[in-house]
1. Got a number for residues in the range 194-209 being surrounded by 19 or more Cβ atoms within 10 Å (Cβ to Cβ) and either within 15 Å of His312 (Cα to Cα) or of a type in the set (A, V, I, L, M, F, W, C) (or both)?
2. Touching a strand residue (DSSP E or B) at 6+ places or on another chain (Cβ under 7 Å) and hydrophobic (A, V, I, L, M, F, W, C): is that true of Leu331 in this structure?
3. Is it the case that some residue within the range 273-280 is in contact (Cβ under 8 Å) with a residue 24 or more places away in the chain and part of a helix (DSSP H, G or I)?
4. Have a look at Val200, Val220 and point out the one that is closer than 30 Å to Leu147 by Cα and either of a type in the set (A, V, I, L, M) or in contact with a strand residue (DSSP E or B) (Cβ under 6 Å, 6 or more places away or on another chain) (or both).
5. Quick one: would you say Tyr162 is part of a helix (DSSP H, G or I), more than 25 Å from Leu98 (Cα to Cα) and among the aromatic types (Phe, Trp, Tyr)?
6. Within the range 118-130, can you find the residues that are in a helix (DSSP H, G or I) and loosely packed, with under 15 Cβ neighbours inside 10 Å?
7. Take the residues in the range 210-255 that are part of a helix (DSSP H, G or I) and on the phi > 0 side of the Ramachandran plot, then tell me which one is surrounded by the most Cβ atoms within 10 Å (Cβ to Cβ).
8. Any chance the range 181-190 includes a residue that's closer than 24 Å to Leu97 by Cβ, touching a helix residue (DSSP H, G or I) at 6+ places or on another chain (Cβ under 7 Å), surrounded by 13 or more Cβ atoms within 10 Å (Cβ to Cβ) and in contact (Cβ under 8 Å) with a residue 24 or more places away in the chain?
Amino acid sequence: MENAQPVFDKKYFTPQEDTHQGKNIIWVRFQRDETLIKMLKSEVKARWSNTQKSWYVTDNNANRERFGLDKKMVGKEVLLKIHPNNLPTYQTYQNQLLLKGFSQNTIRVYSLEFAQLLYILRSFPVQELTKEKLKSYFLYCHQELKLSENQIHSRMNAVKFYFEKVLHQDKIFFDIPRPKKPQLLPKALNTTEILKLLKVTENPKHKLILQLCYGMGLRVSEIVNIKIEHIDSKTMKVLISQGKGKKDRYVNLPHSILADLRLYYKAYLPKIYLFEGQSGGKFAIRSAQSVFKIGMNKAGIKKTVGIHSLRHSYATHLLELGTDISLIQKLLGHNDIKTTLNYTHVADRTVASVPSPLDKLFPR
């Protein structure tokens with residue numbers, strides 16, 4: 001995924017990494033301006049240091065993105081827990097992840113999961129682990145740490161990457177069994193709930209975000225990354241650039257949205273991204289998630305789902321309309337059709353039409 005445009009432009013702000021009162025912070029220096037101060041206090045909870053005569057914010061990846069700093073893959077506290085014997089190996093591991101071109105999120109998850117193994121090993125060199133010792137470690141994750149099946153899969157993938165892609169020991173994981181993942185069905189909203197959600201969302205920008213998430217089956221990370229140049233109203237296509245797995249794909253722009261989209265553009269005048277924050281730059285993922293949550297509460301919908309359920313609803317409703325499964329796979333950007341086939345369990349019209357034998361006994 002491409003780097004986001006900084007929300008706080010470096011033309012006005014000079015960010016600097018540091019520590020203050022024992023915490024990692026980012027100094028934010030600028031020429032005094034009441035508007036900028038108000039924006040810092042309201043949007044990033046900036047605080048004033050009397051000793052340094054400067055504003056500062058917490059050093060986290062969200063603020064690093066806002067101020068145009070490179071994201072940290074892991075924090076200092078992670079590195080401090082790794083024994084010096086395994087620190088060079090850990091750096092080599094992260095370098096290999098970077099060379100493979102993995103996303104920042106994947107690098108962060110793999111790095112943290114691999115670090116958990118290194119914490120346990122202490123001074124024992126990780127490269128000397130045998131298959132039997134690895135089995136014992138994952139058994140420990142099961143029995144002592146009580147990790148879920150998904151957590152263990154994530155940890156095994158991270159450790160497997162080290163042995164197969166860094167040490168090139170392709171066979172070491174061959175006999176290590178993986179826990180069976182629970183087969184969870186996608187959680188979707190029905191059409192009545194979708195209509196309720198959109199009806200109570202009055203803000204034009206927020207409503208359009210929800211409409212396009214559902215109307216084009218997008219992930220929340222994809223909706224906030226749409227640029228104005230990606231929309232072609234003549235062909236009614238939208239380019240989803242560098243989606244999950246760094247893949248480009250085209251989706252269909254709903255005809256019913258075109259008038260609202262033009263009104264929105266004239267009212268908000270976005271510069272680069274279709275949806276931008278109050279200070280510029282792309283709309284934050286957390287803000288989009290909050291828009292969905294607020295709408296669900298206002299609509300009185302009690303289902304425990306997130307904004308991703310709009311993508312599930314899109315796929316489910318397309319199936320119910322008789323759309324070919326391979327076309328849905330293409331529109332969703334799935335590599336494996338097995339992923340798309342999960343929706344057939346939610347929207348299988350053939351199964352849904354089979355009456356219960358109880359209804360035969362007590363016809364209405």
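1. 4
2. So Leu331 fits the description; yes.
3. The answer is no; no qualifying residue exists.
4. Matching residue, one of Val200, Val220: Val220.
5. It is false that Tyr162 is part of a helix (DSSP H, G or I), more than 25 Å from Leu98 (Cα to Cα) and among the aromatic types (Phe, Trp, Tyr).
6. Tyr119, Ile120, Gln127, Glu128
7. Result: Lys246.
8. Checked the range 181-190: no residue is closer than 24 Å to Leu97 by Cβ, touching a helix residue (DSSP H, G or I) at 6+ places or on another chain (Cβ under 7 Å), surrounded by 13 or more Cβ atoms within 10 Å (Cβ to Cβ) and in contact (Cβ under 8 Å) with a residue 24 or more places away in the chain.
The values are calculated or read from the model by the stated rules, or taken from the named source; none is laboratory data. All figures in this text were calculated on a predicted structure; none of them were measured in a lab. For neighbour counting, all protein chains shown are included, and Cβ atoms are generated from backbone atoms with ideal geometry for every residue, glycine included.
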